[in-house]
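What follows is a set of notes on a single structure, which appears directly below.
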Amino acid sequence: MTGSQIKEEVLLLIGLFEYGVIPHYKNGFFCNDPALSFPFKGDTVSMEVIVSTILLLPFALIFITEIILFDSTYTMRTKLNYVSRKTAILYRNYIYGLFFNLMTVEVMKGITGNPRPTFFDICEPDTLKTCNGSEYVSTFQCTSTRFAKWYQTDSYHSFPSGHTSLSVYCGFFMAWYLQQRAFNWRHRTVFLVPLAQLLCITYTAVCSLTRITDHRHHWWDVLVGAGIGVITLLFTVGLYIIFL
């Protein structure tokens, strides 16, 4: 199986999970659970921002870094040809890990079906009005007319945090790449590289912690999402990027 076939199958699987073609497990809830009663206020870091950064920033970072580090005695055409090939290889390996990251998160979301902290507000389960006290409700249907079907389905896909998993993978990958390729105690980059790495880690922290402050995830969703991001990064680094 070729790399493109793997990517196509992973994307197909993710799409089937996202749009409900593959049945999702719906975990139950306790009536009037305060942990699920937060109002939906949107996302500080939207999915559009996450997708843009995880796709564009690593590519730009690799290309610019390789351009700077390439031997200046060669012609610009030779330089661009070499850097373009190397960037393509590194970015391809990064994307492979990203796809495995996404697949892992989507499968876990579909299997666990855990409600989000904003579950009651977004889903408005039909059994919520008739249950009493701390009764456990195992079957329900979302009845909300304020949110689209996708949002209602997503309201019980809290575990693990995809935002966290993707941002940790991306941010730590860029920090690792800079450490391997650009850091040198004898070079002026001894100050610039750590600053860039700090920005990478800050990006990861903001994307992760706002999932808790926005009440879009429970803290354990974020913790496990971070773990998935680290594990897929180690997988990518260990199996693919071995020639730096």
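Computed from the coordinates by the stated procedures, all read-outs in this text should not be read as laboratory data. Quick caveat: nothing in here was measured; it's all calculated off a predicted structure. Quick reminder, even Gly has a Cβ in these numbers, built from the backbone with ideal geometry, and neighbours come from all protein chains shown.
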Exercise for review: In nm, give the distance between the simple-model label positions of Cys131 and Ser144, each being 7 Å from the Cα along the Cα-to-Cβ direction.
Suggested key: 1.6
**Study point:** Modelled FRET efficiency - R0 30 Å, Val107 with Leu69, Cβ distances, 0.05 increments
**Key:** 0.20
Exercise for review: Quantify how much of the Cα-Cα distance distribution of region 85-124 extends past 12 Å, in percent.
Suggested key: 69
Practice item. Return the sequence-ordered ³J(HN,Hα) values of region 125-131 in whole Hz as given by the Karplus equation 6.51 cos²θ - 1.76 cosθ + 1.60 applied to θ = phi - 60°, using x for Gly and Pro. Key: x, 5, 7, 5, 6, 9, 7
Review point. If you average 1/r over all unlike Cα pairs in region 199-240 and invert the result, what Kirkwood radius do you get in angstrom?
Key: 11.2
Check your understanding: Val137's amide H: which non-local residues (gap 5+, or another chain) put their own amide H closer than 5 Å, with H modeled 1.01 Å from N in plane and none for Pro or chain starts?
Key -> Phe29, Phe30, Cys31
Practice item. Distance from a point 7 Å along Cα→Cβ of Phe38 to each backbone N in region 143-167: keep the residues under 20 Å and list them by number. Key: 147-148, 151-167
Review point. Beyond 23 Å, what percent of the Cα pairs of region 73-222 remain?
Key: 56
Point to revise | Derived scalar couplings ³J(HN,Hα) [region 27-32; Karplus, 6.51 cos²θ - 1.76 cosθ + 1.60; whole Hz; x for Gly, Pro] | key: 6, x, 8, 8, 4, 6
Exercise for review: Mind pulling up the Rg/Rh value for region 154-236? Radius of gyration and Kirkwood radius, both on Cα.
Suggested key: 1.09
Practice item. Tabulate in residue order the Karplus-calculated ³J(HN,Hα) for region 40-54, using 6.51 cos²θ - 1.76 cosθ + 1.60 with θ = phi - 60°, rounded to whole Hz; enter x for Gly and Pro. Key: 7, 10, x, 10, 4, 10, 6, 5, 4, 5, 4, 4, 4, 6, 6
Revision key, fill the gap. Its Cα gyration tensor gives region 37-136 an equivalent ellipsoid whose semi-axes in whole Å, largest first, are 49, 14, 7
Review point. If you average the sequence gap of Cα pairs under 8 Å that are 6 or more apart and divide by the length of region 119-244, what percent do you get for the contact order?
Key: 30
Review point. Taking +1 at the Cβ of each Lys and Arg and -1 at the Cβ of each Asp and Glu, which of Leu80, Leu98, Pro115 sits farthest along the dipole of region 79-121 towards its positive end, judged by Cα position relative to the Cα centre?
Key: Leu80
